[in-house]
Structures are given as structure tokens and as C-alpha cells.
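*Asks:* Take this structure, written in C-alpha cells, and hold onto it; I'll ask about it next.
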Amino acid sequence: MDENLEMQKPVTFTIGIYEEGDDGLPGKCVMQKDIEIIGEKTRVQIGDESSGYTNIYEFKAPLGQEINLEHGFIQINAKDMGDKPSCWFAVFTVGGQSAFQKDIINEEYSGQMGCAFCLYGNGTHNAKKALQIERFMTPSPTASGKYEKVQVEITNIGENTIDDARLELYVDGELVATEDVNTSIEPFDYYKYTFNTRVDCSRKHKITVRNVTPGDEKKSYETADMTVEPPVVGEYPECFVRVPNVIKITEVKLGDINNTSEGSTYSDYKDKKTTITLGEKQTLNITIKSTDYQPALGVFIDWNGDHVFSKNEAVTFSSFNADENGATAVAEISVPDFAVIGEHLMRIVAVPYYYTPSPAESFYNGEVEDYTIIVKATPEDPIAAIDKTFIEQQITDNGAETGLKLSNNGNGTLKANISFDYMLPDYPSSKISGNAPKNGFKGIFKTAKKTADRRMAPTRDAATQYVLKYDTDIYDCIGIGNANSATFANMYPGSMLSNLEGMTISSVDVFIGDLPKSTSIVIYGQDKQTKCGELITEQAFTAKEDSWNHVVLDKPVEIGRTDLWIGVKMNQINANGYYIGTDEGPANTGFGDLVNIGGSTWWSMADLGLNYNYCIRANVTGNRTPAINWLNIDKETVEVAPGNTGNVTVGFAPQNLNDGIYEAYIEITGNDPLNRYTKIPVYMIMGKTSSVSLSKDGKSGIMLNGNTLTVKTEKTIGSIRVCDLNGRTVMSGSNGNNEATVDLSTLVKGIYIITVSHTDGTSVSIKIPVLK
């Protein structure tokens, strides 16, 4: 270096590019060369006044050739040059075991901190046609439902628009579905695709999605995998601390629990119990000793007995005092309204301050202790017990009935209100198995600073037949820290809305926290999944603070078969405000959590770190369609004396519906203070074959015999097209006769739309089931 510390002689680097091997480690070498580089001094230094400062240099290595890989490994190291020159060389690290270091002698890799580097290129695509499976959106890794939806996000990483994307779905290595996405995906745009075929997640499965798009150049991973393993009934998630532990829980007091200990990495004190009844308060006192770090503390109680610790089961401390010698904590414990009778685990997690305590992770240098809390009913209360956790009904004729029993095991009279609602076919799945944040968002979300008061959701008026929503209930409010205006919206896909075709959106409910200068309800039409279409209507309203706001639309919007974006626009907001209400999550990513802060780009809130849905609801009026008119119950209220059982008859009336799986849920709200609300999923499975006439005289028709489709018409058939319920073409062909036979055996089980086009320009469409 010269007197200005500018480098005068080069350092020789070895740069290598490798493909990924089958074992996930660097495999085939694409390029490797030694490159002499003189580093360029930056304006950045590292160090301090006492030890001095060292300059940081940037090294730019021209490869001399194009590298055409979508993913792989990059080798970067300074070559051993002896003492010509001799130097120390280190690189910036970015944290995490995101890189590998290879032991040349033993040919083994070990995880290391990834270094900071950039790649340069001319910006051209590395493929004309290439699809990438970004991530699974659902099911979640702990899903347990019998009819879980599989949703993946795919991205076009090629130069040309892809309009024939095709995916295969495997369960435990067995192919269960091949489906066409049937949408146009522009370069570097993404699309969330939900398979028509559902997966039984009541036991452990490995789910694989494979990209089989015709002509794909396979630049990305061909498959994506996830393992779904439902929680084991009766078992809690593991939480433990690795040795050595310098933070020790030395005393726990709660009611009948009075335990002192020397500390261990994990202590099972579930035999130490205290009993608490509804309305009672007990004081929790915890003492922690530390020989090094300041402690952090978390206490979690499984009040509802599902062996999962949810957000609302974390204890809030009334006081917490901590330093490097230990901590003391105090909390008031009372039974929440969602608790159930019985024994419940209380887990205490004490860890160093640099951790966030969690009931289901592993830590270093702390301690975990488990205790038992017994929730007991008061003598005068009813105790509700329901005989079903879900209802599944196979339909083979025009209807069916099943029973639901509500028992009262307490001493008071049980009174319950019973209602039900529907989940529309093609409702987007809401569970996220892993987030892959999108880059480029320029806003700053504000959250968790102001918890909204829990307010009852708006009551439906007599005209409202259905409510379009993704939220469960108001939980919190969020804001954006550096935008003057924002539009928060829910996106409803046309395939979902087609089940309400002909009905009308007449009003919108939205929860507003802090007040912006002005607010308006906005509804946009269809463009694509990631971008709204033209503005259909906008209506200003005077908002009420910390409240649900009911806005009757001056210009109601008729529902068709295309996407709708329904939201609220807020102007003149500030960085300190928390404006839009959200539920507790998880979000329907890309559907119930979209925000726009200018331009045409919409961002998913979950992708930006906030896994919630907006409290925005659209009220639908008009004549009910068959999709929301197939379930009934024989009573809306039940009164059950102590020791007795009340019976409710659930009826199914599937007239004018095609074969498939239809979903609803029954809600039971009662006066049992420890079981006030129960939600029971309802599945109606229709599997009846049919033949359908296309003309009034019956001379033309579509006949389905097994998996063979026969079409007879009075006109000449030009073509026949088979689509699924999302409009995706799965089969097509030309004819030229008055009769045609189509083999449907290659299709997966489901409902399909057959469109017969005649040579005279007329056409007819009808839905038929494919059963396998």
C-alpha cells in the first residue's frame, strides 16, 4: 500500500461456481479460476480509538464468462501466496450458518458464517421459460385436518410469459394429482396456486409438489417438499435448555405451589399443582438467579387444553425486575373465558436477555420448569359437553340428516345459541408454513404498541345473507410509519366469488383504530392476483375511532365471476398512528393482508413480518345461491337441565349443487363460563354420477358413465373443452361430428366444466363430476 493506504499490489483470489449436488452440498464445478485483484479502499473503517482503525476494501472479481445458474454455491477465498505479499484477510459476515467451509484433507464441509458479496451481470434472463416453486403456503407443518388444502407460490423466473404452468402433487411419494394452473404469469411475477385435490393430514405425511410445465428449462428446483405432522394427542411440544445453565429458576409460588430449587436445565414439576376457579385470582411469584446474563422470562399456560401454546396463553407480568444477578417477577393469574375444565400445563422459561422466551424451542444458559394448574367449575355453573368435534356427511341422494348432542354435566341449567355459516369453495387457505419475504417494500409497519379494545363484531342485519371476510375477530391495530396514505385491502378470487354470482355487496364493516384525516371504502376489479384492476367504487365516510365502522354503499356492487379487491383508503396518516384493525392471525397471505402505499404495487403484510388479516368485511345481500343454502338445523336455542342431554338435528339439502366437497361450520355459544364458544366444522361430500340434458326435448345431452363422457348434439361439434372449477383447461380437442366420446380417466376426482362449441358459433357449458 502507498502512504494513503491505497493497495498497490494485488491479492490472488480463488473464485469457484458449483452446482448443488443431490446431497445439498456443492457438486459439479461449473467454473474455478485464480484472479488477481487490487482492492479499492472504501470510506468505511472498523475499530475503535484504543485499538486503532482498519480500512475496509472492496474486491471486484471479473469472471470472464457468463454463469447460467438459478441457484448453487460460490467459492471465495484468498489464495496462499506465501509472503509475496503477506497479509491478513477477512470478510464481512452476515450471520447464521448460511455458508460452508471445506476441509481439504478430509473432504468434509462444516457450517460457517456467510460472507457478504454481490453478483454483477447485464440483467438478461438466464432462461426463456422457467418456473420456480417458491414456497408452501399451506398446510402448516402441524396441520391435522382431514381435508387440508395445498397451496404453493410459484414464480416465473424466465424471460417469457408462462400460460401453461402444470404441477404434480405427491403424498408420501404417490402421485395424487396433476393440475394445470391455467393463468398467465409474467416474468418475475408470482402466483399462489391452490390444488383442487385435498390432503388428509390427520397423520404424518410428506407432501411434494413437482413442476412439470411443458418446455420448462429446469433452471430452478424441480420439486418442493414439506412434512406435515399433526401434534400428538396428549403431548406438549418439547422445550429444553442446553448446558451449561447460568440462569436458574430458584423459587415459584402460585396458590398451592410453593417450590424452591437449585436450578437445572429442565425440571418436571407437573406433580406440583394448584386449583383455581373462574373469577378467582392467584398471585404468581418467580425468583431467578444468574451468574452472568440478565434474564428474560416467559410463562405460558395451556388454558384450552389443546397442547399448543397460543399467543393469548402467554402470561403478562405486573412487575419484572432484572439485572445480571437475576430477576423477580409477579403476575396475577385468573381463568380466561376460553379455558376448559381440567388440568393444564404451566411452562416457565428463563433464558438470557438476548433470547425471546418461547414454550417450544431450545436455548442455552437457562432453565425450563413445568407445573400444573387445575381449572375447576363453580358449583352453580353448567358444564357443556358436545359429542362431535366435526361432522362429515356423504350424500348419495337428495338429502340427509345427522344428530348433534349437547350434554350438561354441571349443576346449573345449560343454555346455548346455535348458528351456522358457510366457507365458500375455493376459499384461499390461510396457514403459512414458511415466509419468504419479498424485497423492496419502502414502508415501515407499526404494530404491537397499541392493542385494540375487544369489540363484538357487527351484527348482521336481516338483509345480509353472507359476509366476505378473512379475519376472525379484532385483536390489534397496525399502522405504517413513513407513508402519508395507505390502502388496506382484502382480495377475493373470482373462483370463490362465482359461488355468490348475482348477489350484491351492499355494505362494508371495517375496524378503525386511530383516525386518519380522511377515509373511504374502495372496491377494485380484476387485473391479476398481484395487482388490482380498475376502481369500481369509492365512498368516503366519517370514521369512528377504536370502533367497527359500518358503511352502507350508495352504489352496491354486483358479484360476478371475477376478482374483487375490497378495502379502506386512509389519507394523511402519521408515523405514530395505528390505524387498521387486525385479527390474531395467521394471515391468508396475499389475500387478507394486502397494502398499497402508492403506485401499482400491493404488498402482503405477512411477507413483511406481520402475520395477520385485516378486519374488513363485505356484507352480501340478495337471493341465496345453492353454495350457501345447503345446511339447516332444527333449532337455534337449546336449554338443558343438569344431567340431561339436548339434541340438535343437522340437515343437508344439496339441491342444485354439483359433486364435490362443501364446507360449513356450526357455532355454539352457551352460558358454560369455561366453554362459552365451540366451532364445529361440517363437511358435505357429494359423489353421485349424473347425466344431463342440454336441450328441452332431451335429444341432446351429456352422459357420464364411469369415467367415459359421451356428448350427443343436434348440431356439428367443433370442439370440446374440459375445465376445472377455477377455469383451468385440463383437456381439449376438436371433433366435426354430432357425437363424441371423451375419456376422463386421467383426471383427478373433482368437478369439471364441459364446454361444447358448435361449428355454427353457439356453445353450451355444464358441470359434471369425475369420481375415482
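*Asks:* Kindly evaluate Gly279 against the criterion of being modelled with pLDDT of 90 or more and part of a loop (DSSP other than H, G, I, E, B).
*Replies:* No; evaluated as a whole, the condition is false for this residue.
*Asks:* I've got another one for you. Taking Asp607, is it farther than 27 Å from Glu545 by Cα and either modelled with pLDDT under 95 or under 15 Å from the mean Cα position of the chain (by Cα) (or both)?
*Replies:* Criteria met by Asp607.
*Asks:* For the range 1-33, give me the residue count where each residue is modelled with pLDDT of 90 or more and basic (Lys, Arg).
*Replies:* Number of matching residues: 2.
*Asks:* Separate question: Of the numbered conditions (1) within 32 Å of the chain's Cα centre (by Cα); (2) closer than 30 Å to Lys248 by Cβ, Val375 satisfies every one except a single condition; which is it?
*Replies:* Answer for Val375: the failing condition is (1).
*Asks:* Give me the residue from the range 227-276 that is of a type in the set (Val, Ile, Thr) and loosely packed, with under 15 Cβ neighbours inside 10 Å and, out of that set, modelled with the lowest pLDDT.
*Replies:* Val233
*Asks:* Quick check on the range 713-724. Is at least one of its residues touching a Cys at 6+ places or on another chain (Cβ under 9 Å) and at pLDDT below 75?
*Replies:* Checked against the condition, which is being touching a Cys at 6+ places or on another chain (Cβ under 9 Å) and at pLDDT below 75, the range 713-724 yields no hits at all.
*Asks:* Follow-up question, since we're still on this one. Out of all the residues in the range 487-496, which are within 16 Å of Ile536 (Cβ to Cβ) and at pLDDT 95 or above?
*Replies:* Within the range 487-496, Thr487, Ala489, Asn490, Met491, Tyr492 meet the criteria.
*Asks:* Specify the residue that is modelled with the lowest pLDDT; the eligible residues are those in the range 725-745 that are farther than 15 Å from His758 by Cα and part of a strand (DSSP E or B).
*Replies:* So the residue we want is Thr729.
*Asks:* Moving on to the next point. If a residue has to be of a type outside the set (S, T, N, Q), surrounded by fewer than 20 Cβ atoms within 10 Å (Cβ to Cβ) and closer than 27 Å to Asn417 by Cα to count, how many in the range 649-660 make the cut?
*Replies:* Looking only at that region, the number is 2.
*Asks:* Looking only at residues in the range 560-585 that are aromatic (Phe, Trp, Tyr) and either over 12 Å from Cys615 (Cα atoms) or exposed (fewer than 15 other Cβ atoms within 10 Å of the Cβ) (or both), which one is nearest to the chain's Cα centre (by Cα)?
*Replies:* By that ranking, first place goes to Trp565.
*Asks:* Going by the conditions given, is Thr562 touching a Gly at 6+ places or on another chain (Cβ under 7 Å), in contact (Cβ under 8 Å) with a residue 24 or more places away in the chain and among the hydroxyl-bearing types (Ser, Thr, Tyr)?
*Replies:* Here the answer is yes, as Thr562 does meet what is asked.
*Asks:* Of the conditions (1) touching a Ser or Thr at 6+ places or on another chain (Cβ under 6 Å); (2) at pLDDT below 85; (3) closer than 30 Å to Gly305 by Cβ, Thr710 fails just one. Which one is it?
*Replies:* (3)
*Asks:* Go through the range 14-33 and report how many residues are acidic (Asp, Glu) and surrounded by fewer than 13 Cβ atoms within 10 Å (Cβ to Cβ).
*Replies:* 2
*Asks:* Every residue in the range 67-86 that is exposed (fewer than 14 other Cβ atoms within 10 Å of the Cβ) and either outside any loop (DSSP other than H, G, I, E, B) or at pLDDT 85 or above (or both), please.
*Replies:* Within the range 67-86, Ile67, His71 qualify.
*Asks:* Give, as residue ranges, the strands (runs of 3 or more DSSP E) completely inside the range 291-380 that count at least 2 residues that are closer than 20 Å to Arg242 by Cβ and not charged (D, E, K, R).
*Replies:* In the range 291-380, the matching strands (runs of 3 or more DSSP E) lie at 295-301, 342-352, 362-364.
*Asks:* Can you give me the number of residues within the range 384-418 that are more than 29 Å from the chain's Cα centre (by Cα), assigned to a loop (DSSP other than H, G, I, E, B) and either free of Cβ contacts under 8 Å to residues at least 60 places away in the same chain or over 19 Å from Leu674 (Cβ atoms) (or both)?
*Replies:* 5
*Asks:* In the set Val557, Val510, which member is assigned to a strand (DSSP E or B) and within 28 Å of the chain's Cα centre (by Cα)?
*Replies:* Only one candidate qualifies: Val510.
*Asks:* Would you mind telling me which numbered condition in (1) over 24 Å from the mean Cα position of the chain (by Cα); (2) surrounded by fewer than 17 Cβ atoms within 10 Å (Cβ to Cβ); (3) in a strand (DSSP E or B); (4) modelled with pLDDT of 85 or more Asp421 fails?
*Replies:* Against the list (1) over 24 Å from the mean Cα position of the chain (by Cα); (2) surrounded by fewer than 17 Cβ atoms within 10 Å (Cβ to Cβ); (3) in a strand (DSSP E or B); (4) modelled with pLDDT of 85 or more, Asp421 comes up short only on (1).
*Asks:* Taking interchain pairs and intrachain pairs at least six residues apart, which have beta carbon atoms under 6 angstrom, with the first residue in the range 534-545 and surrounded by 12 or more Cβ atoms within 10 Å (Cβ to Cβ) and the second assigned to a loop (DSSP other than H, G, I, E, B)?
*Replies:* Taking only residues 6 or more apart or on different chains, the pairs are Ala543/Leu515.
*Asks:* Residue check: is Tyr269 of a type in the set (Phe, Trp, Tyr), over 30 Å from Ala165 (Cβ atoms) and part of a strand (DSSP E or B)?
*Replies:* yes
*Asks:* Scan Ile536, Ile478, Ile474 and give me the residue that is closer than 22 Å to Asp593 by Cβ and assigned to a loop (DSSP other than H, G, I, E, B).
*Replies:* Ile474
*Asks:* Going by what's in this entry, would Phe188 be described as touching a Leu at 6+ places or on another chain (Cβ under 6 Å) and under 27 Å from Asp527 (Cα atoms)?
*Replies:* no
*Asks:* Inside the range 312-350, can you point out the residues that are surrounded by 22 or more Cβ atoms within 10 Å (Cβ to Cβ), within 29 Å of the chain's Cα centre (by Cα) and β-branched (Val, Ile, Thr)?
*Replies:* Ile348, Val349
*Asks:* Identify the residue in the range 202-261 that is assigned to a loop (DSSP other than H, G, I, E, B) and acidic (Asp, Glu) and, among all such residues, is nearest to Val176 (Cα to Cα).
*Replies:* Step by step, filter the range 202-261, then rank; the result is Glu222.
*Asks:* Looking only at the range 34-56, which residues are surrounded by 14 or more Cβ atoms within 10 Å (Cβ to Cβ), modelled with pLDDT of 90 or more and of a type outside the set (Val, Ile, Thr)?
*Replies:* Passing the criteria: Gly39, Lys41.
*Asks:* For the range 104-149, name all the residues that are free of Cβ contacts under 8 Å to residues at least 60 places away in the same chain and β-branched (Val, Ile, Thr).
*Replies:* Ile104, Ile105, Thr124
The values are calculated or read from the model by the stated rules, or taken from the named source; none is laboratory data. Treat the numbers as computed from the prediction; the structure is a model and nothing was measured. No Cβ is skipped: glycine too gets one built from the backbone with ideal geometry, and neighbour counts run over all protein chains shown.
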